[in-house]
1. Sticking with the crude label model, points 7 Å out along Cα→Cβ, report the distance from residue 123 to residue 478 in nm, one decimal please.
2. What is the gain in length, in nm to one decimal, between residue 207 and residue 267 on full extension, counting 0.36 nm per residue of separation less the C-alpha to C-alpha distance?
3. Cα gyration tensor of the stretch 423-546, axes a ≥ b ≥ c as square roots of the eigenvalues: rounded (a/c below 1.5), prolate (a/b > b/c) or oblate?
4. Pull out a ≥ b ≥ c, the square roots of the eigenvalues of the alpha-carbon gyration tensor of the stretch 347-503, then state rounded if a/c is under 1.5, prolate if not and a/b is larger than b/c, and oblate in the remaining case.
5. Could you calculate the contour length gain from residue 298 to residue 532, that is, 0.36 nm times the residue separation minus the distance between their Cα atoms, to one decimal place in nm?
6. Could you sort 286-294, 258-266 so that the peptide with the highest average Cβ count within 10 Å comes first and the rest follow in order?
7. I'd like the FRET efficiency for residue 388 and residue 425, computed as 1/(1 + (r/R0)^6) with the beta carbon distance as r and R0 of 35 Å, rounded to 0.05.
8. Any chance you could check the Cα centroid distance between the stretch 117-161 and the stretch 450-506 for me, in angstrom?
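Please treat every number below as a calculation from the coordinates, not as lab data. These numbers come from a predicted model, not from an experiment. Heads up, the Cβs are rebuilt from the backbone with ideal geometry, glycines too, and the neighbour counts pull from every protein chain shown.
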């Protein structure tokens, strides 16, 4: 029994590692693809894309986010009893349901594109909405099959399909960008072509999942060859038993298809709603910022240009939040175990350490992006337009990192709904602040509103965490020492940038993206080195605290000792 438990745990950890790695890689591909989109398409295309894509993400999340998790839960339960026939019935029923839902959503989005454009108050987005609606035919079924294999503790199909989906999406987008720009197509058509990549990626991801499903079905069918077994009792009665039915579960007596489907939907709906909060924050900008900018008298195209400039800094912040999301899952099982053991001191120590690490990581990224905003803007987007807005957007990295880790910590102690509610409150605050600040300050006002909304969501999460665990956060560790470290980081980054610019100027190279690239990399490298040194010198993270990090603490402590950072 112990060997089986170890085997299951090992398989789960292996699967979690594969899935996390694939998620990080696919999100990295998806985030970085926005840079060539802006470079080749321009700010109008970039603005249209960033207007429509959050809407698509919201609808997909609302419609299907909970179903893969629900399917994996029901499949995992049936795996315990070896009831594969019931698992296939679950997949068949849910596939019909989610497939029809996807077709319905696709049709409604395609037909309703002009109406949605009127809600957004921008006629340029109609073609883009219609092209992205095609993705609804593929993405729901692909997600459902991912949930099925995850229920079997097989993460490889999901991992491969994620990477294939994102790779095909970006490839198709870039090919269409090159083709349409060479044909002198309008911004609406170029943005629509870019968004068609989502449909192509979804189709490719679905093909991968269907390939794995066909292999799985062939493998299971080979095991289901009926074998007749005769059991003789004292009465000499002969009973015939179908081994396949005995192993895979007898459908006789199982719940009706309608009741089973209802149970799946009821389980999935709360997960869908909880997942809705994050894309909702981006959707607030979609439905408010272009409309408010247009009300200022700059027209549809002008609003899209400004909205595209506003979104320049967001992919960089998303890289930080993506890393925070991936790392935050390390703390959930450790906290759940501490809660199960009723070890309140361990819970407090884990929460304190996690908050300190993510606070410093987010602040370092925010300050670095803020002071290097101008060369990074030129390096990625060719000019300095919107640099001040990027500086404001940079600080969402710090507060979104705290929001994400505090949400994970709350989930680890059993408080699942509160983080989603707090993020919804943040989205409401974002709406109100946009209405107030955008007419006065333009896209900079939207950036300030974004920072304030993330700060509010993070503060609500941390306050609830402190109240629930009795956690105490020292001002020195959270404010004083970070201020010293960040001052050193900023000075080093700016000094390295100026030094690089001086060297290049002496060589006769004074402007352009290559200069910006060298300045940016020099600043980032110098800032990172000084950051690590000052963290060690100020003893912000002690060795015993470092070793408390779940899974990676001991190995990281040994590495830093070898480098003589820890003594």
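1. For the pair residue 123/residue 478, the computed spacing is 5.3 nm.
2. Contour length minus the Cα-Cα distance gives 18.9 nm.
3. oblate
4. It is oblate, given that a/c is not under 1.5 and a/b is not larger than b/c.
5. Extending this stretch completely gives an extra 79.6 nm.
6. 286-294, 258-266
7. 0.80
8. 36
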